[in-house]
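Scroll down for the structure; my scribbles are underneath it.
The values are calculated or read from the model by the stated rules, or taken from the named source; none is laboratory data. Bear in mind the structure is a predicted one, so any value in this text is a computation, not a measurement. FYI the Cβ positions are ideal-geometry reconstructions off the backbone, even for glycines, and counts take in every protein chain you see.
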Amino acid sequence: MATGQEGINPLLQAELQRLQDENLAQLPPETVAAMRKATMELVASGIADQTLKEGEKAPDFSLPNAVGKEVRLYGLLAAGPVVATFYRGAW
């Protein structure tokens, strides 16, 4: 199963794991259980198989940014490279 971390520097991967473990240790057990359940459901859904692969062109789309302003992918790309980050929400 792909984890999205293939090819990541092993030192970086170890640091990311350490940070994740540290953060999970600070959460209530029921929150951790809900997060793990949601993750397992996403993996089982096969949704990752429907995502763009490296080198594929993303379709144009519009979404609100972090402050609620509507932005369009192709409009942003006209100014240079774009990194899209999606906030899943509060647990």
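Tabulated data for the structure shown
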item: Flag if Thr39 is part of a helix (DSSP H, G or I), in contact with a Phe, Trp or Tyr (Cβ under 7 Å, 6 or more places away or on another chain), among the polar types (S, T, N, Q) and modelled with pLDDT of 90 or more; result: no
item: Any pair with Cβ under 6 angstrom, 6 or more apart, that starts in region 30-49 at a residue that is closer than 15 Å to Gln20 by Cα and ends at one that is at pLDDT below 95; result: Thr31/Trp91; Val32/Leu24
item: So Leu27, is it surrounded by 10 or more Cβ atoms within 10 Å (Cβ to Cβ) and either without any contact (Cβ under 8 Å) to a residue 40 or more places away in the chain or of a type outside the set (Val, Ile, Thr) (or both); result: yes
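Matching residues to (1) surrounded by 10 or more Cβ atoms within 10 Å (Cβ to Cβ); (2) in a helix (DSSP H, G or I); (3) at pLDDT below 95:
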position: Asn23; (1), (2), (3): yes, yes, yes
position: Glu54; (1), (2), (3): no, no, yes
position: Leu63; (1), (2), (3): yes, no, yes
position: Val83; (1), (2), (3): no, no, yes
position: Tyr87; (1), (2), (3): no, no, yes
